[in-house]
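First the structure, in the form of structure tokens, and then the observations on it.
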Amino acid sequence: MKFFVSCAKGLEYLLADELVALGAAKATATIAGVNAEGTLADAQRAVLWSRLASRVLWPLAGFDCPDEQALYAGAAALPWHEHLREGDTLAVDAHVSGEAITHARFAALRVKDAVVDAFRAQGLERPSVDVEAPGLRLNLSLRKGRATLSVDLGGGSLHRRGWRAEQREAPLKENLAAAVLLRGGWPLMYAAEGGALLDPMCGSGTLLIEGALMAADVAPGLGRMQAVAVDGTDAPAPLPTRWTGFDAAGWNASVAEARARAAAGLAALRPVFHGRDLDRAAITAARQNAQAAGVAAAIEFAVADIDALSAPGAARGLVVCNPPYDRRLVADGALYRRLGQALQKAVPDWRASLLCGDAELAHATGLRAAKKYQLFNGALECALIVCDPVRPPQREEAAPRELSEGAQMVANRIQRNLRRLKNWRQGEGVTCFRTYDADIPEYAAAIDLYAEDGGEQRSFLHVQEYAPPAEIPDADVRRRRQELLAAARASFGVPPERLALKTRERGKGGSKYGRLQQQGERFAVREHGARLWVNLFDYLDTGLFLDHRPLRRRMAKEAKGRRFLNLFCYTGVASVQAAVAGAAQTTSVDLSATYLQWCADNLALNGLGGAAHRLVQADALAWLEAERAKYDVIFCDPPTFSNSARADDFDVQREHVRLLRAAVARLAQGGALYFSNNFRRFRLDEDAVAQFAHCEEISASTIPADFERNARIHRAWRLTGG
């Protein structure tokens, strides 16, 4: 069966991995949740064991729902006496989008009426409403004229662990705390490295308590059973729902196993948890919460200011912290700076996972992040940074050296290119561009400059070396490479750590790229009014294809107020720019979960998201042929070939007619399809395409000024319905 597991935005890919680890056959991340496949036992296991989920929704029925009458009829058609016992209690949660039904409470009321009327029609005692602890909690999702009715298997939000006796203002939800710990690598650090956990601003203790329960292997769902102690006994467990389809025997067996694991884990839990806070009342609340969770003996709490922070005694550990940042607590950049300085002084060799109010506050810590993530604490967008170690090793500044003759020649050419492009760059506001493209054949590489938007406004260089001819000696290849890098650094004043080099090494099987770095250094840039995340170090490509700049601008203008579809979307740059330009809807399709998360991060960076901007993880061609919606502007930029294990092999030359036919079929009246690829030997089958579309090649108008030396970097066509 397919079921849905919801979560806070930003946790989707962590949750997908967790569900697979818990036994789900398949888990695909989507916005604010995961579409999972598996058995009822898998779904019930997620209710008990998921640390990240908000709700587990098991579908009962799906039906077309164009209006309120259809909603009532569709709900009333279900055999409710088979799902809910006579006289039991009921609650309905609803989430609606679209024009037919716009009020969630009204939609929930109509579903409740349908259930009640179905009982009455059979002469049975009607269920009553209990919004706090119903026997059956239903969930209605109404989207694009389609209704789905599901059982909420957990009976309510799963972030509640059952131990929170006391809380301070604006507490961190437990499932978000789990994400901070998981991104920081806490389970492995505790189990394999013997590390400690420190929260210097612990508040009511959420991060430390969650970390202790995680280390002790306590199932998150055990604490929600108020009447049952975690003592290893085999007493029957309260059911999270009284839905008659719930497997009570299976649940009791799972709970019995979880109790035994928890008892063993708590008995062996090491006292390596340390909490500090300046607020004495917060420390008192944290102690009470830890006592309720059964982990008080393992956590040391103390009233202390961050300026007096000292290492707890462990050589290695993880700092977790959720410094104040929302409107009630008021974000203070100076406080974040003090936090960063205190950590560098007290625990310089530890790792840190810090949930900050936003990217600017994260930057205010002065810490260099190895990884950065966007998470949502309710409606508040936050920045999670992971630093490992807290204080990176200092690099010695090398004295500047005079450029060699070859390096000076390259530097001169770069300066000439900069002068030639200056007016164009200033006129069009271009901040990321190609500065050199094998202008001198002996120095065969492309050099791209990326200017950071916001933050420190740093400049980075991305250097891609072209494959050298086989007859060139390796010594000459290495020398020319070093001369080219020296010229690039001298021309832009960029330190070595801000230069990303993608080299081609010779090896068995021919030229290939050497092993990429894994720095996690991503930063924001700006293009056509949109802010975008790029990563120059960890991937072969950066997340932004600079040569498509004019084509993206053209499509963004054309997409204003219209529906935009981005196939093989990569990091979703075209979708984001269309949305920023005012597109009514965007749909981005890619097989890669990594790229879809990148696309989601790009949307979030511009304050975009929600149902209007759909992300689809799928084989683009197969999805396109199954899709029935219409789109006004479609962008299709497929790879030359792909042999992913999760989809059929793809070859653009072989499949392009089939691909374009399917894409044109999805065009709305007056719509346009933009097709592009960078396969140098590609030949468009004009006769075949002419049978279903009018096709015009627009390549020349899509090549920007900084790529004029390489006008075959890509080709592009505009297609309209035939």
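List of remarks:
- Checking Asp649, Asp637, Asp632, Asp706 one by one, the residue that is more than 28 Å from the chain's Cα centre (by Cα) and acidic (Asp, Glu) is Asp706 and no other.
- Taking every residue in segment 482-498 that is closer than 11 Å to Ile447 by Cα and in the same structural domain as Val410 (by TED's automatic domain parsing) and pairing it with any residue that is at pLDDT 90 or above and of a type in the set (Phe, Trp, Tyr), at least 6 positions away or on another chain, the pairs with Cβ-Cβ distances below 9 Å are Leu484/Tyr436; Leu484/Tyr443; Ala487/Tyr436; Ala487/Tyr443; Ala488/Tyr436.
- For segment 569-580, a residue qualifies if it is buried (at least 24 other Cβ atoms within 10 Å of the Cβ) and part of a loop (DSSP other than H, G, I, E, B), and the qualifying residues are Cys569, Thr571, Gly572.
- Near pairs, Cβ below 6 angstrom, 6+ apart or cross-chain, from segment 453-468 (free of Cβ contacts under 8 Å to residues at least 12 places away in the same chain) to any residue that is of a type in the set (Ser, Thr, Tyr): none
- Candidates Leu136, Leu158, filtered to the one that is surrounded by 16 or more Cβ atoms within 10 Å (Cβ to Cβ), touching a Lys or Arg at 6+ places or on another chain (Cβ under 9 Å) and in the same structural domain as Ala53 (by TED's automatic domain parsing): Leu136
- Within segment 236-280, considering residues that are part of a loop (DSSP other than H, G, I, E, B), of a type in the set (Gly, Ala, Ser) and touching a helix residue (DSSP H, G or I) at 6+ places or on another chain (Cβ under 9 Å), the one modelled with the highest pLDDT: Gly245
- Qualifying residue in segment 420-432 (condition: closer than 27 Å to Leu551 by Cα and part of a strand (DSSP E or B)): yes
- Residue in segment 284-307 that is in the same structural domain as Asn377 (by TED's automatic domain parsing), in a loop (DSSP other than H, G, I, E, B), of a type outside the set (Gly, Ala, Ser) and surrounded by 14 or more Cβ atoms within 10 Å (Cβ to Cβ) present: yes
- Residues (under 13 Å from Val56 (Cβ atoms) and either without any contact (Cβ under 8 Å) to a residue 24 or more places away in the chain or of a type in the set (Asp, Glu) (or both)) located in segment 124-155: Asp152
- The residues of segment 38-90 that are assigned to a loop (DSSP other than H, G, I, E, B), farther than 18 Å from Ser157 by Cα, within 30 Å of the chain's Cα centre (by Cα) and not polar (S, T, N, Q) amount to a single one, Gly38.
- Ala672 being assigned by TED's automatic domain parsing to the domain that holds Ser575, outside any helix (DSSP H, G or I), under 22 Å from Pro550 (Cβ atoms) and touching a helix residue (DSSP H, G or I) at 6+ places or on another chain (Cβ under 7 Å): yes
- The single condition among (1) in contact with a helix residue (DSSP H, G or I) (Cβ under 7 Å, 6 or more places away or on another chain); (2) modelled with pLDDT under 95 that Leu660 does not satisfy is (2).
Matching residues to (1) among the small types (Gly, Ala, Ser); (2) over 19 Å from Tyr570 (Cβ atoms):
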residue	(1), (2)
Pro639	no, no
Asp685	no, yes
Ala688	yes, yes
Ala693	yes, yes
Glu696	no, yes
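- Residue within segment 685-702 that is in contact (Cβ under 8 Å) with a residue 40 or more places away in the chain, within 23 Å of Lys560 (Cα to Cα) and not aliphatic (A, V, I, L, M) present: yes
- Taken over segment 571-595, residues that are modelled with pLDDT of 95 or more and either of a type in the set (Gly, Ala, Ser) or in contact with an Asp or Glu (Cβ under 8 Å, 6 or more places away or on another chain) (or both) amount to 12.
- Residue list for segment 25-52, filter: aliphatic (A, V, I, L, M) and either out of contact with any Gly (no Cβ under 8 Å at 6 or more places or on another chain) or at pLDDT 95 or above (or both): Ala27, Ala29, Ala32, Val34, Ala36, Leu40, Ala41, Ala43, Ala46, Val47, Leu48, Leu52
- Checking Pro127 against (1) under 27 Å from Met1 (Cα atoms); (2) crowded, with 22+ Cβ neighbours inside 10 Å, the condition it does not meet: (1)
- Of all residues in segment 347-369, those satisfying the criterion of being under 12 Å from Gly455 (Cα atoms) and either small (Gly, Ala, Ser) or part of a strand (DSSP E or B) (or both) are Ala359, Ala362, Ala364, Gly366.
- In segment 588-631, the residue that is nearest to Gly543 (Cα to Cα) out of those that are out of contact with any helix residue (DSSP H, G or I) (no Cβ under 8 Å at 6 or more places or on another chain) and part of a strand (DSSP E or B) is Arg614.
- Candidate set from segment 187-211 (those that are touching a residue at least 24 places away in the same chain (Cβ under 8 Å) and over 14 Å from Ala177 (Cα atoms)); member that is surrounded by the fewest Cβ atoms within 10 Å (Cβ to Cβ): Ala191
- Residues in segment 669-719 that are surrounded by 15 or more Cβ atoms within 10 Å (Cβ to Cβ) and more than 30 Å from Thr431 (Cβ to Cβ): Gly671, Leu684, Val689, Phe692, Ala693, Cys695, Leu719.
The values are calculated or read from the model by the stated rules, or taken from the named source; none is laboratory data. Note that the structure is predicted; figures quoted are calculated from it, not measured. In this analysis, Cβ positions are derived from the backbone assuming ideal geometry, glycine residues included, and neighbour counts consider all displayed protein chains.
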